[in-house]
Structures are given as C-alpha cells and as structure tokens.
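S.K.: What follows is a structure written as structure tokens; I'll ask about it next.
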Amino acid sequence: MDQKISTLSSTELERPDLYINRELSWIEFNRRVFQEAQDSRHPLLERVKFISIFETNLDEFIMIRLAGLKDQVVSRTAPRSPDGRTAEQQLIAVRQRLAPLVQEVRQYWRNELLPLLAGQHIHILDYEQLNDEQRSTMRDYFENEVFPVLTPLAVDAVHHPFPHISNRSLNLAVVISDPAHGEELFARVKVPPPPLLPRLVPVTVAAEDPQVVAFVWLEQLIAAHLGMLFPGFEVWESYPFRVLRDADIELQEDDASDLLEYIEQEVKERRFGAVVDLAVNPSMPPRIRSLLLDGLEIGSRDLSVIDGPLGLGDVMELHSLERPELKDTPFTPRVPGFLRKKGEHHPRTAELFEAIKDHDLLLHHPYDSFSTVVDFIRAAANDPHVLAIKQTLYRVGVNAPVVNALLEAVENNKQVAVLVELKARFDEENNIEWTKKLERAGVHVVYGLKGLKTHAKVAMVVRKEERGLRRYVHLGTGNYNATTARIYEDLCLLTCQPEICSDVTTLFNSLTGHSRQSMYRKLLVAPLGLRRGITERIEREIRLHEQYGNGRLIFKTNALTDPAMIRLLYQASQAGVQIDLIIRGMCCLRPGIEGVSENIHVRSIVGRFLEHSRIYYFGNNDQEEIYLGSADLMQRNLNNRVEVVFPVDSPAFRKALKEHVLDPVLHDTVNAQRLQPDGTYVPILPTPDEEPFDSQDWFITHPLIEEEDEDEIQETTTISAIPSRA
C-alpha cells in the first residue's frame with residue numbers, strides 16, 4: 001500500500017484502503033494472545049493458559065463473527081465493510097488467515113509446550129503410550145466413571161437419522177461392522193464435556209515424587225474401549241470431530257411479553273443454531289468427512305482440518321495443578337492508604353462513607369483491591385443510615401459477593417433496585433439465575449431499555465445524614481465481578497460529588513422509568529450524548545492545535561472500529577495533533593500514513609492482566625481533561641448501548657492517571673506491540689542502552705496514588721459539606 005498520500009478531504013477519508021478489516025484485525029489480536037504463550041518470560045502453566053485463552057477466544061469468534069458473515073452472505077443485503085469487502089470476501093479472507101494460525105498453535109503445543117511440560121514432570125500422553133498397568137487402571141476408570149454416562153447413537157438411512165450434534169461438543173465418529181453380514185455401520189459417541197468429566201484424565205504413575213503427573217485425553221480413553229459400547233460388533237475405526245454453531249441470539253424484543261422468559265428460551269435454543277464449523281483431524285477419511293458434512297447440512301468450506309487436539313481450550317485444566325513455581329508470582333492487592341487510616345482493617349460501615357466524604361477515591365484494579373468496591377456495597381447493606389441502593393449488573397460471574405451484599409441489603413429493609421443486563425453475551429445463564437434470586441428476595445429488578453444493552457458500570461447509595469440525604473456513587477470501567485477483577489485491569493471512582501450524583505440519579509430514572517433525558521451535567525452517556533461529547537472534544541483539540549500547536553490525544557480502549565471516529569482521528573492527525581492510541585484488541589485505523597495518520601501511533605498490550613480500562617485524555621491546551629468509562633470506540637458502544645463515561649475532575653487524580661497509568665503504558669517495552677500500516681504488529685523493544693520496562697510489573701509495586709500525594713488529593717477533592725438531594 002502506497003503510504004505517500006497527500007492530505008485528504010473528509011470525503012476522501014472514507015476510502016476503503018484507509019481501513020483495516022475488523023475481522024482480520026481481531027485475528028491479529030488473537031495472534032498476540034498466542035504470542036504470550038510463546039513468551040518464555042511467562043511461567044510454563046501461564047503459557048498453557050494463554051493457549052486455552054486463544055482457543056476459547058477463537059470459539060466465540062467463530063460462533064458470533066463468522067456466523068454473522070455467513071448470515072450476511074445468505075441475505076445478500078449486507079453493506080460492504082469500511083475496507084470495501086463484501087461479506088463473501090471477508091469470509092474467504094478470514095478462513096485463509098485462520099487456518100495456518102490454528103495449525104501453528106497445534107504445532108507449538110506439540111513441539112514446544114509438551115516437551116517443556118514433560119521436563120517439569122507433567123506428561124500429556126497418548127493412550128498408546130500407556131503401559132499394561134496404566135491401561136488396566138484406565139479400564140477400571142472407564143467402566144466406573146465414563147461408560148455409564150456415554151450414549152452411543154447409531155446412524156442409518158432407515159431407523160436412525162443423523163443425531164443433533166450440540167454446540168462446542170467433542171464427538172467420536174465410529175465405524176463398526178456386523179460380523180454376520182460384513183456391513184459397515186456408523187455411530188456417534190459424544191465425549192462428556194467438563195466439568196462432567198475432565199478432558200485430561202489423570203493417569204497413575206510409578207513415582208514417589210508427587211509432582212510427577214500424567215494425563216491422557218478423554219476421547220482417546222473412550223476410543224480405546226468402544227468395544228464395550230458395541231458388543232457383538234467389530235469396531236473398525238473412530239475419529240474425533242467437533243462442531244461449532246451460530247450462538248448469536250437474535251432478539252425480537254417487540255415480540256417478547258416476558259423478556260426474562262424469552263432470553264431463557266433463546267439461550268436454550270442456542271445449541272440448535274446453524275452449524276458454522278466442523279473440525280476434524282487429517283486422519284479422518286473422505287467418506288466419513290462427507291457423511292458428517294451431509295448430516296450437518298454444511299459444505300466443505302465449513303470444514304476445518306486440524307492436526308492436533310480439537311477443543312484445545314480444555315488445557316486450562318492443567319492450570320489447577322498445585323505447581324506455584326510454574327505460575328505467576330501472586331501479589332497482594334493494595335488497600336489505599338487513606339482507607340487504611342480509617343481503621344485497622346477494611347472499612348465496612350460508616351468509615352468508608354466518611355472516607356468518600358473526605359475526598360473522592362480513585363482505584364486501579366487489580367493492583368488496588370476490588371474488595372473496596374465489595375465493601376462499599378456491603379457497607380451500604382448494613383449501615384442503618386442507608387435507605388436505598390441502585391446498581392447496574394452486566395457480568396457478575398457465578399460467585400458474586402456484590403449480589404450477595406444486595407440480597408443482604410433487602411433483608412435489612414433497604415430499597416434495592418438493580419438493572420440486570422440479560423443480554424450480556426455468554427453470561428445470559430448466570431444473569432438469569434441472579435435475576436430470579438434477586439426477584440425472589442424482593443429486589444426491584446429491571447432488564448434495561450428495549451433495543452439497547454446496558455453496559456454502564458454504576459452503583460449509587462442513598463444515605464440519610466445529619467444535614468439531609470447524601471448520595472454516594474461508584475463509577476467504573478469494569479464489571480462487578482470479584483473473580484475477573486483479580487486479572488482484569490480497570491479503574492473506578494467512588495465519589496459523592498453532587499453534580500455527578502445528580503446525573504447518576506437521572507440515569508437510573510431513565511433506566512427504570514420513563515425518561516427522555518439526553519443532557520447530563522458531567523457524564524457522557526450513550527447512545528445520545530457520548531458520541532457527541534467525544535466528537536466535540538476531538539474537534540476542540542484540532543482548533544486548539546491550530547491556534548497553539550500543542551494538540552494531544554491519548555485514548556486507551558479495548559477496540560477502535562467506528563468509522564466516524566477513525567475519520568475524526570485522521571482529521572486530527574492531518575491538523576498536526578499528536579495522538580497515541582492504546583488499543584488492546586481490534587483497531588481498524590491505519591497509522592503512519594503520510595498526509596493522513598503520520599501523527600498517530602497505535603500500540604497493543606496483552607500481558608499477564610487483561611487491559612480493560614477505557615481512558616480518554618484530551619490535552620486541551622494544557623488544561624487537560626481525562627474521562628474514564630465503560631465504552632469502547634465501536635458503533636455498538638456509541639449507538640446501541642447505555643454507556644457511561646465520566647470526568648476525572650481532581651487535578652491530582654488527573655496527574656496520577658497521566659503519570660502513573662498512561663505514561664508507563666506508553667513506555668512499555670516488554671508487553672507492547674506497535675500496529676503497522678499494513679495491519680500487522682511488531683514488538684516494541686528497548687533501545688540497546690535501555691532496560692526492558694514492563695508496565696504491569698511496575699503497577700504491582702507502584703501505587704496509583706503515592707501516600708505523599710494524599711494531602712494534595714485531600715485539598716483538591718474534598719466534597720462540599722452541603723449534601724445533594726436524592
């Protein structure tokens with residue numbers, strides 16, 4: 001691609017060659033996840049974990065994005081992507097890009113990680129490698145634990161139609177023969193999925209060292225004992241195969257009289273979605289492949305031939321081994337100093353509210369403990385002065401201490417209103433269960449606005465104090481999930497600033513009642529005000545740069561795919577504004593094109609922790625503004641979700657975010673990779689005279705707010721003594 005492009009007009013900035021394809025950009029993101037598995041700096045079991053993450057990421061991509069492309073091909077009405085490709089062209093390009101990458105992962109697993117695991121006395125064996133004693137033990141295990149749960153299904157043209165193959169299921173295609181007639185018959189055996197049975201079955205090893213462990217693949221164990229499933233028949237051959245189906249729920253909310261019941265039914269129907277991908281090993285002969293393709297009613301383009309284990313995401317089971325020396329060194333998240341001063345232990349009642357009343361609290365997870373957020377809700381649940389709690393819940397997980405605190409609040413006669421987003425993809429089942437539990441307890445539960453997902457992370461506590469009601473608010477970039485908060489990098493603000501609290505009150509009223517509120521005093525709220533707010537600030541940066549020459553933008557998000565935002569950033573670059581984009585995942589903007597984006601630098605960080613915070617920094621002629629929030633620069637976030645992006649008003653907090661978050665990330669020479677104009681990434685390495693700098697390691701040992709800065713924070717963020725009205 002020719003990078004010598006003169007300055008382009010707004011219309012010319014829509015040229016397809018200025019955009020990276022979204023789907024291909026995602027594949028490059030998952031390639032970076034795989035590269036973490038290849039990085040010898042990571043302990044061995046962490047590298048195995050990244051292989052699992054790569055595979056589970058890929059499953060979701062195929063079930064959602066690839067399925068969506070197939071639907072577009074069928075509909076023949078889909079518009080071209082911003083890079084000018086039809087759905088058919090994208091589908092072909094994705095398949096071509098994925099196939100060698102998937103095979104590269106298997107080769108790396110087989111040739112690099114398996115020997116390294118064996119060197120640490122962790123052996124992943126093929127069944128043929130087991131000795132007689134081990135095979136005898138495995139036979140006992142099969143008879144007692146596996147055989148009772150297997151259901152062989154015969155397939156023939158007369159009595160046994162081709163069975164339904166459920167989504168993400170691993171199966172064996174079994175060829176048997178009737179000795180009396182010599183007729184070849186076909187059957188399918190589903191491999192029981194975790195957690196019903198482990199995919200990696202422990203094998204007894206003759207060693208005194210407890211660290212010496214061995215495993216065999218469950219499908220191989222089943223294949224070795226198929227004779228028990230088909231007595232009187234000869235088992236000729238068996239081959240594993242795996243099916244992925246379209247898992248994107250098509251919501252028709254106008255037709256749903258009960259959204260909870262509707263979503264629950266749609267989740268059940270997900271396993272019956274159209275087949276998107278059939279994965280087999282090279283050893284499967286053409287006649288069996290054809291039988292499966294015909295039975296699943298798909299074509300050969302939907303066939304993936306993979307030389308290695310299918311469903312490699314299950315290797316995450318190895319991460320549960322008690323081998324701390326093969327995992328990341330654990331660390332203890334910090335409790336900020338100004339909270340520790342409130343009491344010997346974590347504040348759980350009035351002390352936490354007093355701390356927030358003293359000044360806002362800004363936390364950087366997982367380096368700052370998420371327990372402070374849990375304590376905030378738990379304190380509200382138990383404080384006799386608290387009257388009400390309102391909260392949004394998007395992904396809270398299976399064990400959810402925040403939800404348990406809300407249930408406790410109801411028991412303590414608090415008014416509790418919760419917006420549970422039932423449409424949070426792949427968390428629908430968890431959210432349905434929590435919704436039912438909350439409703440049974442008497443919580444006021446709402447499901448959000450029709451046609452929009454509520455992705456905002458907001459909680460509000462209403463407390464009666466001496467001078468009236470005061471509201472306390474938590475605003476975050478991440479979910480109220482205590483489990484993922486240990487590995488997701490996020491930021492949050494705890495405040496009782498009257499203007500922000502008033503905005504949050506208005507937001508909840510719009511979510512739970514009838515409101516057409518579109519203007520907020522402090523918050524930028526999608527879908528009505530967020531795009532406008534970011535656009536106005538970028539345009540302001542362009543004007544200020546033309547006047548003063550010091551334009552500066554730093555955006556840290558998970559993804560940048562919105563064409564209008566990309567064009568606006570191109571315009572800012574053309575005006576001379578210096579732009580740093582820290583985009584973990586998909587980025588459709590091409591940096592470094594002369595006359596268009598030579599002033600834009602894009603980097604991605606994966607690393608030990610999932611970079612999840614969204615930070616929007618505007619230089620504003622040295623009157624810098626910083627916003628944090630839940631929204632990425634994607635069309636779905638800006639147009640089709642309820643998102644909240646909130647300002648950081650404290651100069652001390654802005655300084656901390658710039659110097660202790662953004663600057664370290666921009667100087668990372670260990671985890672960071674730079675996006676090239678052609679859509680590929682290259683590592684950002686230290687110069688010969690520099691020491692490697694790992695921003696994530698630095699965050700572990702350097703607090704967001706240094707204790708010596710707390711006095712300045714006290715002075716600049718103290719809340720007015722006049723309470724706001726709820």
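S.K.: Would you mention how many residues in the stretch 398-416 are open to solvent by less than 10 Å² (accessible area, probe 1.4 Å) and not β-branched (Val, Ile, Thr)?
M.R.: Pass one, the stretch 398-416, residues open to solvent by less than 10 Å² (accessible area, probe 1.4 Å): 400, 402-403, 405-406, 409, 416.
When the remaining residues are screened for being not β-branched (Val, Ile, Thr), the result is 400, 405-406, 409.
Looking only at that region, the number is 4.
S.K.: I need the full set of residues from the stretch 103-129 which are surrounded by 17 or more Cβ atoms within 10 Å (Cβ to Cβ), part of a helix (DSSP H, G or I) and either modelled with pLDDT under 95 or in contact with a Phe, Trp or Tyr (Cβ under 9 Å, 6 or more places away or on another chain) (or both), in order please.
M.R.: Result: Val105, Tyr108, Tyr127.
S.K.: Using beta carbons and a limit of 9 Å, which pairs, at least six apart or on different chains, have the first residue in the stretch 165-176 and in contact (Cβ under 8 Å) with a residue 12 or more places away in the chain and outside any loop (DSSP other than H, G, I, E, B) and the second one crowded, with 20+ Cβ neighbours inside 10 Å and of a type in the set (Lys, Arg)?
M.R.: Leu170/Arg199; Leu170/Arg242; Asn171/Arg188; Asn171/Arg242; Leu172/Arg188; Ala173/Arg188; Val174/Arg188
S.K.: Report yes if Arg41 is within 23 Å of Ala672 (Cα to Cα), among the basic types (Lys, Arg) and either at pLDDT 95 or above or open to solvent by 70 Å² or more (accessible area, probe 1.4 Å) (or both), otherwise no.
M.R.: Working: within 23 Å of Ala672 (Cα to Cα): yes; among the basic types (Lys, Arg): yes; either at pLDDT 95 or above or open to solvent by 70 Å² or more (accessible area, probe 1.4 Å) (or both): yes.
So Arg41 passes the test.
S.K.: Continuing with this model, one more query. Could you say which residue among Leu318, Leu293 is free of Cβ contacts under 8 Å to residues at least 24 places away in the same chain and assigned to a helix (DSSP H, G or I)?
M.R.: On the way: Leu318 fails: free of Cβ contacts under 8 Å to residues at least 24 places away in the same chain.
Going through Leu318, Leu293 in turn, just one is free of Cβ contacts under 8 Å to residues at least 24 places away in the same chain and assigned to a helix (DSSP H, G or I): Leu293.
S.K.: Is it the case that Leu8 is at pLDDT below 95 and in contact with a Leu (Cβ under 9 Å, 6 or more places away or on another chain)?
M.R.: So Leu8 passes the test.
S.K.: How about the stretch 677-696: which of its residues are open to solvent by 40 Å² or more (accessible area, probe 1.4 Å) and touching a Lys or Arg at 6+ places or on another chain (Cβ under 7 Å)?
M.R.: Val682
S.K.: If you don't mind, there's one more thing I want to ask. Could you tell me which numbered condition Asn144 fails, if it satisfies all but one of (1) open to solvent by 70 Å² or more (accessible area, probe 1.4 Å); (2) of a type outside the set (Val, Ile, Thr); (3) in a helix (DSSP H, G or I); (4) touching a residue at least 24 places away in the same chain (Cβ under 8 Å)?
M.R.: Condition not satisfied by Asn144: (4).
S.K.: Limited to the stretch 165-179, what total is found for residues that are open to solvent by 10 Å² or more (accessible area, probe 1.4 Å) and under 40 Å from the mean Cα position of the chain (by Cα)?
M.R.: Of the residues in that region, 4 qualify.
S.K.: Just name the residue that is surrounded by the most Cβ atoms within 10 Å (Cβ to Cβ) out of those in the stretch 180-198 that are in a strand (DSSP E or B) and free of Cβ contacts under 8 Å to residues at least 40 places away in the same chain.
M.R.: Step one: list which residues in the stretch 180-198 are in a strand (DSSP E or B), which gives 183-190.
Those still in the list that are free of Cβ contacts under 8 Å to residues at least 40 places away in the same chain too: 183, 188.
Details: Glu183: 10, Arg188: 21.
Filtering first and then ranking leaves Arg188.
S.K.: Picking from Leu387, Leu475, Leu419, which residue would you name as being open to solvent by 50 Å² or more (accessible area, probe 1.4 Å) and either small (Gly, Ala, Ser) or touching a strand residue (DSSP E or B) at 6+ places or on another chain (Cβ under 8 Å) (or both)?
M.R.: Values: Leu475 fails: open to solvent by 50 Å² or more (accessible area, probe 1.4 Å); Leu419 fails: open to solvent by 50 Å² or more (accessible area, probe 1.4 Å).
Among Leu387, Leu475, Leu419, only Leu387 is open to solvent by 50 Å² or more (accessible area, probe 1.4 Å) and either small (Gly, Ala, Ser) or touching a strand residue (DSSP E or B) at 6+ places or on another chain (Cβ under 8 Å) (or both).
S.K.: Further question on the same structure: Please specify each residue of the stretch 593-610 satisfying the condition of being touching a residue at least 40 places away in the same chain (Cβ under 8 Å), touching a strand residue (DSSP E or B) at 6+ places or on another chain (Cβ under 7 Å) and open to solvent by 10 Å² or more (accessible area, probe 1.4 Å).
M.R.: Once the filter is applied, which keeps residues that are touching a residue at least 40 places away in the same chain (Cβ under 8 Å), touching a strand residue (DSSP E or B) at 6+ places or on another chain (Cβ under 7 Å) and open to solvent by 10 Å² or more (accessible area, probe 1.4 Å), the stretch 593-610 yields Glu594, His601, Arg603, Leu610.
S.K.: For the stretch 655-663, does any single residue satisfy the condition of being touching a Gly at 6+ places or on another chain (Cβ under 8 Å), outside any strand (DSSP E or B) and under 28 Å from Tyr480 (Cβ atoms)? Lay out the reasoning, then the answer.
M.R.: Step one: list which residues in the stretch 655-663 are touching a Gly at 6+ places or on another chain (Cβ under 8 Å), which gives none.
No, the conditions are met nowhere in the stretch 655-663.
S.K.: Okay, moving on. With Arg674, Arg654 as the choices, which residue is within 22 Å of Arg540 (Cβ to Cβ), among the basic types (Lys, Arg), surrounded by fewer than 20 Cβ atoms within 10 Å (Cβ to Cβ) and touching a strand residue (DSSP E or B) at 6+ places or on another chain (Cβ under 8 Å)? Give the derivation first.
M.R.: On the way: Arg674 fails: within 22 Å of Arg540 (Cβ to Cβ).
So the residue among Arg674, Arg654 that is within 22 Å of Arg540 (Cβ to Cβ), among the basic types (Lys, Arg), surrounded by fewer than 20 Cβ atoms within 10 Å (Cβ to Cβ) and touching a strand residue (DSSP E or B) at 6+ places or on another chain (Cβ under 8 Å) is Arg654.
S.K.: Of the numbered conditions (1) open to solvent by 10 Å² or more (accessible area, probe 1.4 Å); (2) over 23 Å from Arg567 (Cα atoms); (3) not small (Gly, Ala, Ser), Phe646 fails exactly one; give the number of that condition.
M.R.: The single condition Phe646 does not satisfy is (1).
S.K.: Could you list all residues from the stretch 430-445 that are surrounded by fewer than 17 Cβ atoms within 10 Å (Cβ to Cβ) and not in a helix (DSSP H, G or I)?
M.R.: Once the filter is applied, which keeps residues that are surrounded by fewer than 17 Cβ atoms within 10 Å (Cβ to Cβ) and not in a helix (DSSP H, G or I), the stretch 430-445 yields Gly442, His444.
S.K.: Additional query: Hey, among the residues in the stretch 483-515 that are part of a loop (DSSP other than H, G, I, E, B) and touching a Ser or Thr at 6+ places or on another chain (Cβ under 8 Å), which one's modelled with the lowest pLDDT?
M.R.: Taking the stretch 483-515 and keeping what is part of a loop (DSSP other than H, G, I, E, B), we get 483, 487, 496-497, 513-515.
Adding the requirement that they be touching a Ser or Thr at 6+ places or on another chain (Cβ under 8 Å) leaves 496, 515.
Working: Cys496: 97, Ser515: 62.
Per the criteria, the residue is Ser515.
The values are calculated or read from the model by the stated rules, or taken from the named source; none is laboratory data. Note that the coordinates shown come from a computational prediction; the quantities given were computed from them, not determined experimentally. Note that each Cβ is placed from the backbone with ideal geometry, even for glycine, and that neighbours are counted across all protein chains shown. Ligands, DNA and RNA are excluded from the accessible area calculation, which covers all protein heavy atoms including side chains. Shrake-Rupley method; radii C 1.70, N 1.55, O 1.52, S 1.80 Å.
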